[in-house]
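**Student:** Quick one: structure below, then a few questions.
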Amino acid sequence: MEMINEEQLLEELRDPRTGRRSFEKLVAEYSERLYWQIRKMVLSHDDANDILQDTFVKAWMNIDNFRGESKLTTWLYRIAINESITFLNKKRNQNNISVDDEDSFLLNTLESDTYFDGDEAQKLLQKAILTLPDKQRLVFQMKYFEEMKYEEMSDILGTSVGALKASYHHATKKIEKFLSEPR
Amino acid sequence: MKEADKRNPFTVPENYFAQFNKEIMDRLPEKEYVPPQTVSLWDRVKPWVYMAAMFAGLYITINFLTKDTETPLSSSQDTFSAISEETPANNYWSTVHVTEEEFYRYLEEQLVDDGYYDYMYNQLYLN
């Protein structure tokens, strides 16, 4: 897909005559990337679909307040991640699960997901990832699966590059430990 | 961890993204169009005019108050200096305008008068 000029797109988005048409372009450009980010956080396709919709509705309603201090992509990622974390916290509250406890509801989601076609090794890796705290999980997925640069991750998550590197290192160690455990 | 594990194990329903992109546009709420407000020249300069007026008022008030307190001071000083300058001890000759001759005559008269009074006193009370 042709890379869109963010500055021009932003100008068009703010113009009431071209706003809707430009937003369609924005959705087409970013929906897939944002979906996968959300999906890896919440695992369920249906939940990811709902959160993606909420993300775009929020972006649509707040685009006039976006000052362009960060990249449009970064801003969209932030909304998507915030929505995902809010969703997970709500789920945990409903299930009386503390943030530090293992997310049993996510494990159940993974087990019963019809849109999962990975083998046993991949399922085990996903289970290992689920043992990580939300932020560490996010860092691991962005780096390991999406191969995102630390600088970009730093813009999205508002965390220093050094802290992200440390977080990724700890996440990797925890996952390796989990995978090496006899079962 | 093996490189092969990096493959995305999650899937989506067929045609999901194309469908999503179409559907989301129908779900977007209508936004109220707020026309950009035209700001008149007066509205733009109003704060500056108010501020200038405030400073001018402040200047006039301070000026008035300091003048008011300084004037009596200076006038009293002037009066004082005028008085002090006009005291007989300092400016006797310049203000009375009597000649030296007239002055001696005055002294003589005084001495004569004093002598007369002394004589009468002695005559009446001491004898």
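**Student:** Given +1 on the Cβ of Lys and Arg, -1 on the Cβ of Asp and Glu, and no further charges, what dipole in debye does segment A:1-127 carry about its Cα centre, rounded to the nearest 20?
**Tutor:** Charge dipole of segment A:1-127: 400 debye, to the nearest 20.
**Student:** Show me A:88-95, A:119-126, B:59-66, A:73-80 ranked by packing, highest mean number of other Cβ atoms within 10 Å first.
**Tutor:** A:73-80, A:119-126, A:88-95, B:59-66
**Student:** What spacing in nm lies between the two simple spin-label points modelled at B:GLU100 and B:VAL49, each 7 Å away from Cα in the Cβ direction?
**Tutor:** Computed distance between label sites B:GLU100 and B:VAL49 equals 7.7 nm.
**Student:** What distance in nm lies between label points placed 7 Å from Cα along the C-beta direction at B:LEU41 and B:PHE17?
**Tutor:** About 5.5 nm, to one decimal.
**Student:** Say the dipole of chain A comes from +1 at the beta carbon of Lys and Arg and -1 at that of Asp and Glu; which of A:MET61, A:VAL139, A:GLN126 then lies farthest toward its positive end?
**Tutor:** Positive-most Cα among the choices belongs to A:VAL139.
**Student:** While we're on this one: Cβ under 14 Å from B:GLU102's Cβ, B:GLU102 left aside: what net charge do those residues give with Lys, Arg +1 and Asp, Glu -1?
**Tutor:** Computed value for this residue: -3.
**Student:** How shielded is B:20-26 by partner chains, expressed as the average number of their Cβ atoms within 10 Å of its Cβ atoms?
**Tutor:** 6
**Student:** With n ≥ 4 as the cut-off for DSSP H runs, can you work out [θ] at 222 nm for chain A, using -39500 (n - 2.57) per run divided by the number of residues, rounded to the nearest 500?
**Tutor:** -23000 deg cm²/dmol, from helical runs alone.
**Student:** Taking a point 7 angstrom from the Cα of A:GLU7 along the C-beta vector, which residues in segment A:69-96 have backbone N less than 16 Å away?
**Tutor:** Residues A:69-73 qualify, since their backbone N sits under 16 Å from the label point.
**Student:** Using modelled amide H (1.01 Å from N, peptide plane; none on Pro or chain starts), what sits under 5 Å from the amide H of A:PHE116, excluding residues fewer than 5 places away?
**Tutor:** B:THR11
**Student:** Work out how much length B:LEU58 to B:ASN122 would gain on full extension: take 0.36 nm times their residue separation and subtract the Cα-Cα distance, in nm to one decimal.
**Tutor:** Extra length available between B:LEU58 and B:ASN122 comes to 15.3 nm.
**Student:** Can you give the mean number of other chain Cβ atoms that lie within 10 Å of the Cβ atoms in peptide B:8-18?
**Tutor:** Mean inter-chain Cβ contacts per residue within 10 Å come to 6.
**Student:** For segment A:51-94 and segment A:132-183, what is the separation of their Cα centres, given in Å?
**Tutor:** 21
**Student:** Right, another one. Between A:ILE85 and A:HIS169, what is 0.36 nm times their sequence separation minus the Cα-Cα distance? Round to one decimal in nm.
**Tutor:** Gain on extension, A:ILE85 to A:HIS169, equals 28.1 nm.
**Student:** With +1 on each Lys and Arg Cβ and -1 on each Asp and Glu Cβ, and nothing else charged, work out how big the dipole of segment A:117-183 is about its Cα centre, in Debye to the nearest 20.
**Tutor:** 380
**Student:** Among A:THR18, A:ASN95, A:ASN49, whose Cα sits farthest toward the positive end of the charge dipole of segment A:1-103 (+1 at Cβ of Lys/Arg, -1 at Cβ of Asp/Glu, about the Cα centre)?
**Tutor:** A:THR18
**Student:** Say each of B:LEU111 and A:THR74 gets a label point 7 Å from the Cα, pointing the same way as Cα to Cβ; how far apart are those two points in nm?
**Tutor:** Label-label distance for B:LEU111 and A:THR74, simple model: 11.2 nm.
Where a number appears in this text, it was derived from the coordinates with a stated rule and is not lab data. These numbers were taken from a predicted model, which means no experiment stands behind them. FYI the Cβ positions are ideal-geometry reconstructions off the backbone, even for glycines, and counts take in every protein chain you see.
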